[in-house]
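The block underneath contains the structure these notes are about, expressed in structure tokens.
The values are calculated or read from the model by the stated rules, or taken from the named source; none is laboratory data. From a predicted model like this one, the values you see are computed outputs, not experimental measurements. Every residue, glycine as well, gets a Cβ built from its backbone with ideal geometry; the counts of neighbours run over all protein chains shown.
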Amino acid sequence: MVAIGLAPLPTCIRFTTICLAQPFRTVAASHRLALVEWGMPRRAISRRDFSVYSSARNVRAASFHAELMRADYMTNSERLSKQKIRELQEELTMWTAPIAFRERVDEIVLSLRREVFFGQAGLAFLRDAWIASRVASALLPEKVRLVCEERPDFEFCSGGMIEQFEATEADRAGRRRGDEPTIERWWWETVEHCRDRFEAIPAALERVVSKKVAKGYQSGVSLAIYLNLNCYGAYVNEGLPIIANATAPASQQFKNIFVIWERSLYRLWQSGERAVAQWDTARPNEPA
């Protein structure tokens, strides 16, 4: 999700950060990352600011930068044919072991450029598959598959028992990811930007939760939300109670409520009760 390199002190503290300019913060989608440079004069860094910067726990090797810059030009800019989309849907609906499913989803996503992944109609199932792959690789059921029907979005199978999930993404209102800068573009990222994203979390969750609740689901279905408002680990302790409160309206309708946020999968609700648990969703040496 983030790779941070620290430039020489004492003149300046500069954080060169790889930050996803798209919703799926995954190493497989890393070719669609944008380079973000965090920097300000040393005298302008307050103790609070530095604690936020230094608490970015998602630190990975800066050598990853060059690989990302090359990868964006090696991916396929052509739109997928209807036949190819059907083939991918059929493939991902086959029962698959969680790790193999994640690897295949990452391979597919990595093969597509941003304008295709976000701009072509009919590819929402790939975003559901990404969420399914992260939940499955954390919870490790025996098998996982996508369900290309109205509902549910994906299923787990363990011990002959099927568990169904709805998948959704929470983000800023009106965000147009296909129009965002690609890896060729740079912009400045400050602690204020992180705080702005953090403060957008309640409204983002309330929008998607209210939509899911309004649809009405049969009992036993779990909800998995990808919260695409990362803050580089700065506000996890402050944020979890806020996330739990924002998802509470769905707690009576869904068996479990999971949220993918800050490199982790959190279960916040189970059978209508608060039941917090955490699993890592990123692999070793993976910036996602």
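Evaluating ALA246 against the criteria (1) buried (at least 21 other Cβ atoms within 10 Å of the Cβ); (2) touching a Leu at 6+ places or on another chain (Cβ under 6 Å); (3) within 25 Å of ARG102 (Cβ to Cβ); (4) not hydroxyl-bearing (Ser, Thr, Tyr) leaves one unmet condition, (3). Within the range 231-250, being part of a loop (DSSP other than H, G, I, E, B) and farther than 10 Å from ILE201 by Cβ holds for TYR232, GLY233, ALA234. Remark: pairs (first residue in the range 232-249, touching a residue at least 60 places away in the same chain (Cβ under 8 Å) and under 19 Å from ARG195 (Cα atoms); second residue buried (at least 18 other Cβ atoms within 10 Å of the Cβ) and among the hydroxyl-bearing types (Ser, Thr, Tyr); Cβ separation under 9 Å; 6+ apart in sequence or on different chains) = TYR232/THR17; TYR232/TYR53; ALA234/TYR53.
Among the residues of the range 158-214, those identified as acidic (Asp, Glu), at pLDDT below 80 and surrounded by 12 or more Cβ atoms within 10 Å (Cβ to Cβ) are GLU180, GLU189. If you go through the range 251-267 and keep only what is aromatic (Phe, Trp, Tyr), touching a residue at least 40 places away in the same chain (Cβ under 8 Å) and in a strand (DSSP E or B), you end up with just PHE258.
Looking at MET94, is it surrounded by fewer than 17 Cβ atoms within 10 Å (Cβ to Cβ), more than 16 Å from the chain's Cα centre (by Cα), within 24 Å of ALA250 (Cβ to Cβ) and modelled with pLDDT of 95 or more? No: the conditions fail for MET94. Of (1) surrounded by 15 or more Cβ atoms within 10 Å (Cβ to Cβ); (2) at pLDDT below 90, TRP279 satisfies all except one. Which? Every condition holds for TRP279 apart from (2).
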